[in-house]
Amino acid sequence: MPALQATDLSKLYGSGEAAVHALRGVTVAFEAGRFHAIMGASGSGKSTLLHCLAGLDRPTGGTVRISDTALDTLNDEKLTLLRRDHVGFVFQKFNLLPVLTARENIVLPLTIAGRRPDPEWFDRVVAAVGLADRLDHRPAELSGGQQQRVAVARALMTRPWVVFADEPTGNLDSRSGAEVLGLLRDAVAQLGQTVVMVTHDLHAAAHCDRVVFLQDGRYAAELESPAPDDIVAMLARLDAAVPAGR
Amino acid sequence: MIRLTLRTARANLTRSLLSALAVVLGVAFVSGSLMFTEGLAVAMTAHATAEYRNIDVEVSQPDGVSGDWPADMLDRVRKVDGVRAAEKTWSLFNLGLSAGDGRKVIGDHRAVNVAADPRLQPIEATSGRMPGKRGEVVLDERTADREHLGAGDKLLISSFGAKSRTYTLVGLTATTKGGFDNTGALIVMTTPDMEAISGYPSTTIIVSAAPGVSNDDLAARITAAVGARALPHDQLVEEAKNAAVGNAEEFRDALLGFGVIAVCMAAFVIANTFTIVLAQRTREIALLRLVGTTRRQVFRSVVAEAAVVGAAGSVLGLAAGVLLAYGLPAALAAAGAPADVRPVISGTTVLVALAVGIGVTVLSALLPARRGTAVAPVAALSDASVQIARPVGRTRRIAGTVTFAAGLVSLAAANRAMLVIAGALLTVTGFLLLSPVLVPALIRFLRPPLAALGGATAALALLNAARNPRRIATTTNALVVGVTLIATFTLIAKSTEAPAERRAGDKMFAQFLVMDANGLGILPAGVVEALRAQPEIGAGLHPAYQSFDKDSGNEVRTGGTGGPAEGSAVVSADLGLAVGATVTVQGRRFPVSAVSPGTRTVWLSAGDMVAVFGEPFLTEIQVDPAPGVSSTDARAALDRALQAYPAVVAYDHDGYVDHLNARLNQALAVITALLSLAVIIALIGVANTLTLSVVERTRENALLRAVGLTRRQLRRTLTFEALVIALTGTLIGTAISMAITLSALRSVEAHGSRLALVIPWDRLTVLLAVAVLAALTASILPARRAVRHPIAATLAAD
């Protein structure tokens, strides 16, 4: 069974003439223990897909299952609790609360849940992201790369079913970006995590086991463990095949 | 630039609304007070004018001259050529009034007399007729309505120190007692009746002129003929009007004092709003600067925006002020005060309201505008999403510490009222300066226990509340000032109220106290006989007398329980007499049995007082029931005996305490009501800060929701934040007011009497409950806004 499954997912913004179809019936599955990327041109619907998959946004049609839970059967409260306990997030920016220290940010989902962190797991995650000496700093005192590593640590802290990453390297220089990708890669390889990442960065996508391509709100293609050149070629092919009238 | 300003103001409409609300309330209060008091002046002027209806000339003693009013003055005036008719008039206060069945009408009643000649009557009957012969009276409609009295009813009326007489009510008049505090009845009687009860000759004569004689001429003729002061109608009206307007202005100034406080609170709120809004607009302002707008232009644009907000607030405030001005007479009428006030909306009021509203908004926005527009153009390019709070300057820290300390020292050492006031002002000012340091420190201190109690949401709320020290300081400052004012008034009032209890205990040695209702300290002599006739209480009377020994210049009084025995005297120490010496009162010698503190006073037994003076003033009577008589029966006997004395009342211990406190409670209620406006504006400031903070933290809140904070938890976090701000302000204000009150009480103690701090928990609880409720209310809208934001869209937005 896949860790994450979207079936005939559609998302409509607005109504009438002004309606925008962000997703038009996307069916795609993500197997557990792999590093997935979602790519596509601007407006292809990749961010919308990620938001729907992660339960941050509700699709207009179709279903999303995380593990064996269908998200459309959950009310806002239950959905929130599912995110809190079983989903990890790394965003492009605004990942951290400025008033909390790095340590407090990392354990935030557990604090919200009123649970104590498992000290062994905490040490392991913190060691993995290399932040042991920065735990009592506030986000404003950390570099962009360090902030993003704190975000990754937070995403891993609850041992989630899936970690979603939305352009995690978009705001970073290439070295920091590579470090963050390496961390996500390690989470998959060493901790058996499932990671789904939206990116438009070729090098980021090249770290992945599998790249799913979206075009115009539809599933377009996918590549297994592609090299950067393969991805370029695929994007070029999709770009050329833009339907008339667009 | 103007167009941009207007667009910005419109775009920020919701944000401006709350600060505008502060302006609205301040302006409403000020303009409402003006409209009401101008209406009051008109009503009082009308009343003053009506008093002189049908009076062409009034003859009276020149100011400052007493005595020497010839008994035949009326005859002399009547003989002056051009006088058609003339009549003596009295205006008698402190009358006792009760219905024929003995039901007492409590109030400060006034009696006037009218001539038999209708053309010399300033008052006319609106139903029934004017009194025509002795024993007939007319009453004002309002009192008659309230007491369900009508023509044909019997009334008991007494002037002070006298037994009542029975009168028949023959008509009602629309004229009221007049003056500002017109809660008593107006009683109109015939001249012979008035002459009989007044006890002193009239020194005022009203005159009606013969046809063809002008008022001015007649006045001059009378002055020349009789040597008294004679004023013509127009001048009388003019003087009365001036007095009325003067009274209304005094009342207006008192109201405006509270208006100033409210407007100051509004200034706090506005300044805070502009600081926050401009900080949030840093990027926008930097962009304007980047494309070539000068700093001066940006500054002017912000000031213009403040003027727009102020103008809108003033207009709404004026509208609210009209409602307030119309509501106030209705509220006063419900409390029994004059209802015939129609608010006046004058051009001056409108101008004042606009000037106050716009002026306060612009002035309060100046400093924030100066700081907020000092943005380097390059800031447009940087990521300024997280506001960095300006640290508190060293000068402010030092000045604050010094002022605060000086205030506390002054409070601790105060032995005079001036020092207490100075100490209070210094302490509050010092606190206002130090609050960006003190308030966050307090919240940090409270964080661990509250976090342990309230969990993650509470901890987060506390962090958020204190994240910008200046912001929370300004927000709580307004609240601290408002609460300090209210709580200080309440604490001082309640602490000085306690002695009322003690005063009653000290004074009352018997079960009942009989005294006059108007607080004049004189009872009709006949009351003693009336009480003695009642077997239930007749044997337990302790009358108190007071008189004056003309030969020695000493005051002579009855002593209480510790007073001298029959045939002996107690003297005050300053008379220089020792125990065993003798003191002479009205030629009779009494051995001195004790010496007491006091000034030129001799205490005798009640029996000796009557024996020596014949008819000394009866000031009060304490009454004990006969053995075996229940207090209910005693009370009934008292009421029976006092039925014929409308101005005499009997209290038991609790009733007397209530009587002593009644006036204080009423004053406290009025002051509390007027000050609560300041607190309400301060609480609007809390809502304002919270709303703006939520706008600022939209992304953070979305992130929290994404990583698992439920809607309910987010709402709770914001509610908690509002609670923290509101409670911090309220508690600090209460603490400061306790310090001030303690100091004030101690300074009084230094003058002899002892006062303990009484903490009125019920009232403080109400204050706290209001703050909590307001905080909860204040958090509703921001919280709704916060939870409604779609997570995905907010996080994705740049």
Which value in nm describes the separation of the simple spin-label points at B:Ala405 and B:Asp633, placed 7 Å from the Cα toward the beta carbon?
-> 7.2
Fewest-first ranking of B:Tyr656, B:Tyr645, B:Tyr651, using other Cβ atoms within 10 Å as the exposure measure = B:Tyr651, B:Tyr656, B:Tyr645
In angstroms, what radius of gyration and Dmax does the range B:659-716 have, counting Cα atoms only?
-> 20.7, 64
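Rounded to the nearest 5, what is the percent of antiparallel bridges among the DSSP beta bridges in chain B?
Rounded to the nearest five, the antiparallel share is 75 percent.
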Among the aspartates and glutamates, select those whose C-alpha is under 20 Å from the C-alpha of B:Lys133, and discard any that sit fewer than 8 residues away in the same chain.
-> B:Glu87, B:Asp117, B:Glu124, B:Asp153, B:Asp193, B:Glu195
Obtain the nm distance between the two label points defined at B:Gln297 and B:Arg103 by a simple spin-label model: each point lies 7 Å from its Cα along the Cα-to-C-beta direction.
-> 7.8
Mind putting a number on the dipole of the range B:525-644 about its Cα centre? Charges go on the C-beta only, +1 for Lys and Arg and -1 for Asp and Glu, and I need it in Debye to the nearest 20.
-> 180
Could you give me the percent of Cα pairs per 10 Å distance bin for the protein assembly as shown, shortest bin first, beginning at zero and ending with the bin that holds the maximum distance?
-> 2, 8, 13, 15, 14, 12, 10, 8, 7, 5, 4, 2, 0, 0
Residue (of B:Gln121, B:Val350, B:Gly598) at the positive-pole extreme of the protein assembly as shown, dipole from beta-carbon charges | B:Val350
Can you tell which of B:Pro524, B:Thr143, B:Val629 lies farthest toward the positive end of the dipole of chain B, using +1 and -1 charges on the Cβ of basic and acidic side chains (Lys, Arg; Asp, Glu)?
-> B:Thr143
The exposure ranking of A:Val99, B:Val356, fewest beta-carbon neighbours within 10 Å first, is A:Val99, B:Val356
If the cut-off is a Cα-Cα distance under 29 Å, which lysines reach B:Lys507, setting aside same-chain residues fewer than 8 apart in sequence?
-> B:Lys104, B:Lys163, B:Lys494, B:Lys550
Amide H neighbours of B:Gly521 under 5 Å, counting only residues 5+ apart in sequence or on other chains, H built in-plane at 1.01 Å?
-> B:Asp516
Round to the nearest 0.05 the FRET efficiency obtained for B:Leu366 and B:Ala412 when R0 = 35 Å and r is the Cβ-Cβ distance.
-> 0.40
Simple Cβ-charge dipole of chain B, Lys/Arg +1 and Asp/Glu -1, about Cα centre, in debye nearest 20 = 5540
Hey, fewest Cβ within 10 Å first, where do A:Asp186, A:Asp166 land in order?
-> A:Asp186, A:Asp166
How big is Rg to Rh over the range B:525-644, alpha-carbon atoms, Rh as the Kirkwood inverse-mean-distance radius?
-> 1.06
Can you run phi through the Karplus equation (6.51, -1.76, 1.60; θ = phi - 60°) for the range B:429-437 and list ³J(HN,Hα) in whole Hz, with x for Gly and Pro?
-> 4, x, 5, 4, 6, 8, 4, x, 8
For A:Lys11, the aspartates and glutamates lying under 19 Å Cα to Cα, once residues fewer than eight places off in the same chain are dropped, come out as A:Asp57, A:Asp72, A:Asp76, A:Asp166, A:Asp216
Cβ-derived FRET efficiency at R0 30 Å, B:Gln235 paired with B:Lys79, nearest 0.05 | 0.80
For A:Phe91, enumerate residues with amide H under 5 Å from its amide H, sequence gap 5+ or separate chain, H modeled in the peptide plane.
-> A:Asp166
Length released on extending from B:Glu615 to B:Thr168, taking residue separation times 0.36 nm less the Cα-Cα span | 157.8 nm
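To the nearest 500 deg cm²/dmol, what mean residue ellipticity at 222 nm is calculated for chain B from DSSP H runs of n ≥ 4 alone, each contributing -39,500 (n - 2.57), summed and divided by the residues?
When only DSSP H runs of four or more count, the value is -20500 deg cm²/dmol.
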Taking the convex hull of the alpha-carbon atoms of chain B and averaging its shadow over every direction gives an area in square nanometres of 45.7
With unit charges on the beta carbon (Lys/Arg positive, Asp/Glu negative), name the residue among B:His47, B:Ser676, B:His653 whose Cα is farthest towards the positive pole of the charge dipole of chain B.
-> B:Ser676
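Of the beta bridges DSSP finds with both residues in the protein assembly as shown, what % are antiparallel, to the nearest 5?
Once the DSSP bridges in the protein assembly as shown are tallied, antiparallel ones form about 70 percent.
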Could you size up the charge dipole of the protein assembly as shown around its Cα centre, putting +1 on the beta carbon of Lys and Arg and -1 on that of Asp and Glu, and report it in debye to the nearest 20?
-> 3560
³J(HN,Hα) computed for each position of the range A:169-183 - Karplus, 6.51 cos²θ - 1.76 cosθ + 1.60, integer Hz, glycine/proline x | 9, x, 9, 10, 6, 5, 5, 4, x, 4, 4, 5, 4, x, 5
Quick one: length gained pulling B:Arg394 to B:Phe445 fully straight, 0.36 nm per residue minus the C-alpha distance?
-> 16.1 nm
Compute the FRET efficiency between A:Ala18 and A:Ser225 as 1/(1 + (r/R0)^6), taking r as their Cβ-Cβ distance and R0 = 41 Å, and round to the nearest 0.05.
-> 0.50
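None of the figures in this text is laboratory data; all of them are computed from the coordinates on show. This is a predicted model, so every value here is computed, not measured. Because the Cβ atoms are built from the backbone with ideal geometry, glycine has one as well, and the counts that use them run over all protein chains shown.
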